[in-house]
Amino acid sequence: MNALVLIAEDETEIAEILDAYLTREGFRTVRAADGRTAVDLHLTLKPDLILLDVTMPRLDGWEVLAEVRRRGDTPVIMVTALDKDIDRLQGLRVGADDYVVKPFNPIEVVARAKAVLRRAGLAQAGGLLRAGALSIDLDGYMAKVGADGRTTPLQLTLTEFRILAHMARAPMKVFTRSELVDACLPGGDALDRTVDSHVSNLRRKLEQAGAAGMLAGVRGVGYRLTMLE
């Protein structure tokens with residue numbers, strides 16, 4: 001199971017950017033828009049890492065960090081607009097594992113998340129995803145379908161592979177086109193209609209491999225990956 005990251009951030013745009021970049025790299029994510037929710041999610045979900053904003057409603061980041069440290073040693077990266085040595089020292093003294101300052105490069109945040117998890121012995125591994133008849137090798141960028149007593153490799157483009165792997169992490173969930181754009185399509189290749197084209201090609205390849213109906217459209221919403229056996 002890939003590492004679960006709790007994004008505790010009250011600015012929606014920043015939270016969405018972090019979510020998109022982490023998901024693109026294979027992490028599972030959950031979001032909290034205030035400190036109290038972050039504390040509750042930490043207790044119930046036991047995330048592998050927390051990206052923790054300092055300035056949040058209900059409980060601020062320092063209070064959340066103190067509560068997390070009372071419970072255990074979950075790795076925490078503080079994310080804040082405060083850029084003073086005293087703030088850095090306070091975060092590290094209370095028990096933060098790392099510290100990034102807004103505005104930040106989300107690629108750097110992902111890299112730091114991986115580094116912190118490595119140090120904690122929880123390196124985010126690619127590994128193998130399974131969803132019904134489908135198996136996906138995240139490290140080797142390969143996917144195959146086992147159906148009708150045979151196994152058929154899928155010849156996918158990189159974008160098709162990203163879409164398939166992203167959806168396979170949450171089978172039966174309906175993904176909007178915008179979610180797939182954010183998670184799977186880099187840079188300028190980011191129009192909703194472009195997603196439709198990639199999904200259409202991916203669906204055709206799944207059907208040819210014996211997995212007809214596995215990738216379905218949901219009218220007015222987006223797409224769902226079903227669990228065909």
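The values are calculated or read from the model by the stated rules, or taken from the named source; none is laboratory data. Everything numeric here is computed off the predicted structure, so don't read it as measured data. Ideal geometry is used to build each Cβ from the backbone, glycine not excepted, and the neighbour counts take in all protein chains shown. Calculation scope for accessible area: heavy atoms of the full protein, side chains included, ligands and nucleic acids excluded. Shrake-Rupley method; radii C 1.70, N 1.55, O 1.52, S 1.80 Å.
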Inspect the stretch 172-183 for any residue being open to solvent by 20 Å² or more (accessible area, probe 1.4 Å), in contact (Cβ under 8 Å) with a residue 60 or more places away in the chain and within 22 Å of Val30 (Cβ to Cβ) and give the result as yes or no. yes
I need the full set of residues from the stretch 58-91 which are part of a loop (DSSP other than H, G, I, E, B), open to solvent by 70 Å² or more (accessible area, probe 1.4 Å) and either within 16 Å of Leu6 (Cβ to Cβ) or at pLDDT 85 or above (or both), in order please. Arg58, Asp73
Can you tell me which residues in the stretch 15-50 are basic (Lys, Arg) and assigned to a helix (DSSP H, G or I)? Arg24, Arg36
Which listed residue is modelled with pLDDT under 95, among the polar types (S, T, N, Q) and crowded, with 17+ Cβ neighbours inside 10 Å, from Thr29, Thr55, Thr12, Thr44: Thr29
Give me the strands (runs of 3 or more DSSP E) completely within the stretch 126-226, filtered to those with at least 2 residues that are aliphatic (A, V, I, L, M) and under 21 Å from Thr23 (Cβ atoms), ordered by residue number. 128-131, 134-137, 142-147, 215-218
